[in-house]
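Written out below as structure tokens is the structure these notes cover.
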Amino acid sequence: MTNIVIIDDHQLFREGVKRILEFEPSFKVVAEGDDGAEAVELIQKHNPDVVIMDINMPQTNGVEATRQLIEQNPDTKVIILSIHDDETYVTHALKTGAMGYLLKEMDADALIDAVKVVADGGSYLHPKITHNLVKEYRRLATDEENPSYQVNFTEVQRPLHLLTRRECEVLQMLADGKSNRGIGETLFISEKTVKNHVSNILQKMNVNDRTQAVVVAIKNGWVEVR
């Protein structure tokens, strides 16, 4: 059983998140709060496996609360919820120790996947965030004013020695920032089949989550950075 605490100052949104999580038999929401300061007390009391934290709250915001939680208990696993997809927000949140960053436009599957990945010790970024980071990497790598960042992009070499052709397609779509649903719609396959492909990719690439898979793929020239 994965015990979860939800911290968000919007009650209706918080209740929606709780309802989604409780559809998963292995999840249990043990406490809820509406401010980062309250989060610290709730985590100390309930010792949850995962904390889902809104980034914008009226008193203590999610990033500051995460920093305090990690200082007091380095094993705390936090997923930040945000409306902001700007790299600055993402980087700041991850630097404080958050292991996940989800946009509030997420679908139910992304929320459930994020909790499972983070509970298992991995990291999870919303697919749109992954795509934005890839674009920023591309910008830096081709910026003539920053030669230290430049990378010589050669023709993409698909890792057919490691993955099947279908898995290579799925890996490229992960780099493009597509969700499981988006991949399924593009390839005309079910979301369950997509999840199986992603699981196989992670296992074969020996990485913990889809974000790590994209980073490794970029470094090895296995996907197009576009």
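The values are calculated or read from the model by the stated rules, or taken from the named source; none is laboratory data. It should be emphasised that the depicted structure is a prediction, and the values quoted were computed from it without experimental measurement. Areas reflect the complete protein model, heavy atoms only, side chains present, ligands, DNA and RNA absent. Shrake-Rupley method; radii C 1.70, N 1.55, O 1.52, S 1.80 Å.
Numbers below:
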| quantity | calculated |
| --- | --- |
| Long-range amide H partners of Val78 with built H, under 5 Å | Val51, Met99, Gly100 |
| Leu81 accessible area, 1.4 Å probe, all protein chains in place, Å² to nearest 10 | 0 Å² |
| Accessible area of the stretch 64-124 divided out per residue, in Å², using a probe of 1.4 angstrom | 44 Å² |
| Exposure rank, largest accessible area first [Tyr89, Tyr101; 1.4 Å] | Tyr89, Tyr101 |
| Accessible heavy-atom area order of Arg158, Arg181, highest first, probe of 1.4 Å | Arg181, Arg158 |
| GNM result for the chain, Cα springs below 10 Å: residue of Lys195, Lys116, Lys204 fluctuating most strongly | Lys204 |
| Restraint check, Lys116/Lys192; Lys18/Lys128; Lys28/Lys195; Lys18/Lys104; Lys77/Lys116, Cα-Cα greater than 20 Å | Lys18/Lys128; Lys28/Lys195 |
| Note, ³J(HN,Hα) from phi for the stretch 156-162, Karplus 6.51, -1.76, 1.60, rounded to Hz, x at Gly and Pro | 4, 10, 5, x, 5, 6, 10 |
| Mean ellipticity per residue at 222 nm, deg cm²/dmol - from DSSP H runs of n ≥ 4 across the chain, formula -39500 (n - 2.57) | -15500 deg cm²/dmol |
| Protein accessible area in the chain, 1.4 Å probe - carbon and sulfur % | 46 percent |
| Protein-only accessible surface order, largest first, of Leu12, Leu202, Leu163 at 1.4 Å | Leu12, Leu202, Leu163 |
